[in-house]
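Q: This structure is in C-alpha cells; I'll ask about it shortly.
The values are calculated or read from the model by the stated rules, or taken from the named source; none is laboratory data. The structure displayed is predicted, hence computed values, not measured ones. Please note: Cβ atoms are built from the backbone with ideal geometry, for glycine as well, and neighbour counts cover all protein chains shown.
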C-alpha cells in the first residue's frame with residue numbers, strides 16, 4: 001500500500017516524497033487507518049517495523065488539517081536516545097509542515113533544562129519525553145496539558161521492564177481524560193495488559209507477528225568458554241576491514257572491559273552505556289555514524305530505538321537473556337535490504353538461552369568450529385541439558401566444563 005492511499009495532506013506527502021517514503025510497512029498499513037479514526041490502539045510490533053512513522057504520520061496529518069498552537073501530542077519513551085531519534089524523524093516528516101517538536105530527557109545541564117522548560121511553556125506541538133524528566137517539569141506547575149489530544153507510549157514493554165509503571169500512571173494524572181491513547185510494544189506481557197486497562201478506552205488491537213532476522217543477515221555462533229571470549233573476539237576482528245561494528249555486552253562493566261581490551265590491541269573502539277553522560281553518549285554515536293569510530297561496545301541501551309544505518313557486523317559477546325532481544329540486536333545490521341553478519345559467542349551456561357532464540361527464529365544457527373589456537377570448546381547440545389544428562393556447569397562428551405580450557409603457551413586465555 002502506498003502512502004498516498006492514506007489521504008494524507010499534500011504538505012505531509014511532500015515530506016514523505018523528499019524522504020523517499022513510498023510504500024507502507026505492514027504495521028503502518030494496519031494501524032494508520034485506526035489512528036486516523038481517532039480510536040485507542042494497542043499495537044504489538046518490534047523495532048525496525050516502521051512503528052514510529054505509523055503513529056507520527058496520522059498525528060501530523062491531523063495537526064495540519066485542524067490547526068494547532070499548544071501541546072497536542074505527548075510521546076513517552078524509555079530512553080533519551082529514543083527521544084532524540086524520534087525528534088530527528090519529526091524534522092524529516094515535518095520539513096514542509098509548520099509543526100514543532102521537542103525532546104525532553106534527563107541530565108544535569110542547566111542550559112538543557114531551560115531549553116526544555118521554554119519548549120514546554122511556549123507549547124511545542126509534539127513532546128517526546130522520558131517519564132522521569134517529564135514528571136519533574138509537570139510537578140513544577142508551568143506545563144499545561146489541557147490541549148493534549150494524543151498520548152503515545154512507545155516501547156511500552158521496555159518502559160515497564162525499567163520500572164516506569166508508576167511514573168506513567170503519574171504522568172496520566174496531568175492529562176485530559178478525553179484523548180486518544182496509542183500503545184506500541186514489542187511484546188504483550190501481563191503488565192502491559194494491566195497498563196492498557198488503566199489508560200486506554202476500548203482499544204483496537206494490531207499484532208504484527210515477531211519477524212525473523214532479515215534474510216540479508218548471515219547468522220553464526222561459536223561455542224566458547226568465558227575465559228576464551230575476549231581472545232576470540234580480538235581474533236575475529238583482526239584484519240577486518242569493516243567500517244562499522246557493534247559488540248553487545250550484558251553489562252556496562254563488561255562493555256568497559258571489552259572496549260579497553262580492544263583498544264589495547266590497536267582497535268578503534270569505544271564503549272557506550274548508562275554510566276556515560278548524555279552528551280558523551282551522543283558524541284560516541286555521532287563518531288560511529290561518521291565512521292570516526294570503527295567499533296562500539298554497547299549494552300542493550302541501543303539495541304532498540306537507535307537507527308544506525310549500514311552496520312557491517314554485530315557480535316553478541318553474551319547471549320541476550322530475552323530471545324526477542326536477539327532479534328533486536330542482530331537487526332542493527334542488514335537494514336533496508338542490505339547485507340550484514342551477526343555472530344554470537346555462547347558459553348556453556350548460555351546453551352538453553354540460545355536454543356530458545358533458535359526456536360523463536362525457527363532456524364538453527366550454524367556453529368563455527370573454534371580456532372585451534374583458542375583452545376577446546378564446549379559442546380552445543382541443549383537436549384542433554386533439558387534431560388538432565390549434563391554435568392553441573394555444563395556438558396561435554398569429551399571433557400567436563402568445569403575444567404579450565406587449554407590455551408597456547410603464548411597465552412590466548414583472556
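Q: Could you please tell me which pairs satisfy a Cβ distance under 6 Å, a separation of 6+ or placement on different chains, a first residue in the stretch 104-121 that is free of Cβ contacts under 8 Å to residues at least 60 places away in the same chain, and a second residue that is surrounded by 13 or more Cβ atoms within 10 Å (Cβ to Cβ) and assigned to a helix (DSSP H, G or I)?
A: 104/116; 104/133; 104/134; 120/137
Q: What number of residues within the stretch 50-71 satisfy the criterion of being surrounded by fewer than 20 Cβ atoms within 10 Å (Cβ to Cβ) and within 15 Å of residue 1 (Cβ to Cβ)?
A: 1
Q: A further question on this structure: Within the stretch 161-214, work out how many residues are under 20 Å from the mean Cα position of the chain (by Cα) and either modelled with pLDDT under 90 or part of a helix (DSSP H, G or I) (or both).
A: Summing the residues that are under 20 Å from the mean Cα position of the chain (by Cα) and either modelled with pLDDT under 90 or part of a helix (DSSP H, G or I) (or both) in the stretch 161-214 gives 20.
Q: What about residue 129, is it in contact with a helix residue (DSSP H, G or I) (Cβ under 7 Å, 6 or more places away or on another chain) and either surrounded by fewer than 23 Cβ atoms within 10 Å (Cβ to Cβ) or closer than 26 Å to residue 66 by Cβ (or both)?
A: Numbers: in contact with a helix residue (DSSP H, G or I) (Cβ under 7 Å, 6 or more places away or on another chain): yes; either surrounded by fewer than 23 Cβ atoms within 10 Å (Cβ to Cβ) or closer than 26 Å to residue 66 by Cβ (or both): yes.
The answer is yes for residue 129.
Q: Next up: Would you be able to say whether some residue in the stretch 143-152 is farther than 18 Å from residue 56 by Cβ, touching a helix residue (DSSP H, G or I) at 6+ places or on another chain (Cβ under 7 Å) and assigned by TED's automatic domain parsing to the domain that holds residue 42? Break it down into steps so the answer makes sense when it comes.
A: Quick first cut of the stretch 143-152, residues farther than 18 Å from residue 56 by Cβ only: 143-147.
From what is left, the residues that are touching a helix residue (DSSP H, G or I) at 6+ places or on another chain (Cβ under 7 Å) are 143.
After this cut, where a residue has to be assigned by TED's automatic domain parsing to the domain that holds residue 42 as well, the list is 143.
Yes, the stretch 143-152 contains at least one residue that is farther than 18 Å from residue 56 by Cβ, touching a helix residue (DSSP H, G or I) at 6+ places or on another chain (Cβ under 7 Å) and assigned by TED's automatic domain parsing to the domain that holds residue 42.
Q: Over 26 Å from residue 323 (Cα atoms), assigned to a loop (DSSP other than H, G, I, E, B) and in contact with a strand residue (DSSP E or B) (Cβ under 8 Å, 6 or more places away or on another chain), is that true of residue 70? Step through it out loud before you land on a result.
A: Working: over 26 Å from residue 323 (Cα atoms): yes; assigned to a loop (DSSP other than H, G, I, E, B): yes; in contact with a strand residue (DSSP E or B) (Cβ under 8 Å, 6 or more places away or on another chain): no.
Against the criterion (over 26 Å from residue 323 (Cα atoms), assigned to a loop (DSSP other than H, G, I, E, B) and in contact with a strand residue (DSSP E or B) (Cβ under 8 Å, 6 or more places away or on another chain)), residue 70 does not qualify.
Q: Answer yes or no as to whether residue 360 is under 27 Å from the mean Cα position of the chain (by Cα), assigned by TED's automatic domain parsing to the domain that holds residue 236 and at pLDDT below 90.
A: Numbers: under 27 Å from the mean Cα position of the chain (by Cα): yes; assigned by TED's automatic domain parsing to the domain that holds residue 236: yes; at pLDDT below 90: yes.
Answer is yes for this residue.
Q: In addition: So which strands (runs of 3 or more DSSP E) are wholly in the stretch 269-342 and hold at least 3 residues that are at pLDDT 85 or above and within 27 Å of residue 366 (Cα to Cα)?
A: In the stretch 269-342, 295-298, 313-316 are the strands (runs of 3 or more DSSP E) which contain 3 or more residues that are at pLDDT 85 or above and within 27 Å of residue 366 (Cα to Cα).
Q: Still on this structure, I have one more. For residue 225, indicate whether it is outside the structural domain of residue 26 (by TED's automatic domain parsing) and either surrounded by 22 or more Cβ atoms within 10 Å (Cβ to Cβ) or more than 22 Å from residue 79 (Cβ to Cβ) (or both). Even if it seems obvious, please write down each step before you answer.
A: On the way: outside the structural domain of residue 26 (by TED's automatic domain parsing): yes; either surrounded by 22 or more Cβ atoms within 10 Å (Cβ to Cβ) or more than 22 Å from residue 79 (Cβ to Cβ) (or both): yes.
Yes: the conditions hold for residue 225.
Q: Now for a separate question. Only one of these conditions is not met by residue 177: (1) in contact with a helix residue (DSSP H, G or I) (Cβ under 9 Å, 6 or more places away or on another chain); (2) under 26 Å from residue 64 (Cα atoms); (3) surrounded by fewer than 14 Cβ atoms within 10 Å (Cβ to Cβ). Which number is it?
A: With respect to (1) in contact with a helix residue (DSSP H, G or I) (Cβ under 9 Å, 6 or more places away or on another chain); (2) under 26 Å from residue 64 (Cα atoms); (3) surrounded by fewer than 14 Cβ atoms within 10 Å (Cβ to Cβ), residue 177 is out only on (1).
Q: How many residues does the stretch 18-32 contain that are at pLDDT 85 or above and outside any loop (DSSP other than H, G, I, E, B)?
A: Count: 8.
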